[in-house]
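Some notes on the structure that comes next.
Just so you know, all these numbers are worked out from the coordinates, no wet-lab data involved. Note that this is a predicted model, so its numbers are computed, not measured. Backbone-built Cβ (ideal geometry, glycine too); neighbour counts: all protein chains shown.
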Amino acid sequence: MATGTVLRISSRNYSSWSLRGFLLARLSGLPFTVEVVSPDDPATKAELLMQSSSIRIPSLVHDGAEVWDTTAIGEFLNELCPEAQMLPADRLARARCRSISGEMHAGFHALRSSLPMNLRAHHPDFTVWSAARADIERICQTWRDCLGQWGGPWLFGARPSVADAFYAPVVTRFRTYDVKLDAVCEAYAKQVLAWPDMVEWAAEAEAEAQDKIEELELDAEF
């Protein structure tokens, strides 16, 4: 397998897209190095603030190909490393995995805008408005359905998949903004947060430069 694979990311603290790309790359088992693009770069900051028409970071560079958009990165890595079983082996489970990952990728705009990812922050008793609450309930129902059908502890059984990588940033949002979860969803959230790759990412987010992006630092009364 070719060497020299590079994953380009932005802020570990604020970028849900970068976290997804990192987890997908780790799921693949492909050796790679991380290159950090400054979140102060105007194009990168526009992506973080959801002011860009497209998301170009993270991007994966491998063997002459550059792939961006986390859905494309996941499909590319699944083709490149089929032995990693990033998607479930069962056809119906695989279809559901792609569907809920696509829903996460394209939807839940109220949640994204009102509860931005911020691993270093914690807002006890944060007020979550109705539109974001509807997104939260849809996400939790998706988790309950998958965990009930495929037995957990991951969404599609005994090992993490593309879907778990896509929903991992939501788990961090739930912790940051003190979202209360039922027992099933709380157990899944703890499973995700204990994922060694998530633990590593969170530690590096804590250690990275502490410069804040003020637009993503919400007051508890927001």
Under 5 Å from the placed amide H of Trp154, counting only residues 5+ away or on other chains, we find Arg159
Fluctuation leader among Ala205, Ala106, Ala72 - the chain, Gaussian network, Cα springs under 10 angstrom: Ala106
With a ≥ b ≥ c taken as the square roots of the eigenvalues of the C-alpha gyration tensor of the range 84-176, please select rounded if a/c is under 1.5 and otherwise prolate if a/b is larger than b/c or oblate if it is not? prolate
The chain: most fluctuating residue of Ser11, Ser38, Ser101 per GNM, C-alpha cutoff 10 Å: Ser38
Could you work out the relative contact order of the range 99-178, using alpha carbon pairs under 8 angstrom and six or more residues apart, expressed as a whole percent? 45
Rounded to two decimals, what is the ratio between the C-alpha radius of gyration of the chain and 2.2 N^0.38 Å? 0.97
GNM on the chain, Cα springs under 10 Å; top mean-square fluctuation among Gly64, Gly148, Gly107 goes to Gly64
Just in the range 121-208: which trypsin sites (Lys or Arg not before Pro) are loop by DSSP and have at most 10 other Cβ atoms within 10 Å? Lys180
Normalised contact order of the chain, rounded percent, pairs of Cα under 8 Å and 6 or more residues apart: 24
Projected onto the charge dipole of the chain (unit charges on the beta-carbon of Lys, Arg, Asp and Glu, signs +1, +1, -1, -1), the Cα from Leu19, Trp154, Leu193 with the largest positive-side position is that of Trp154
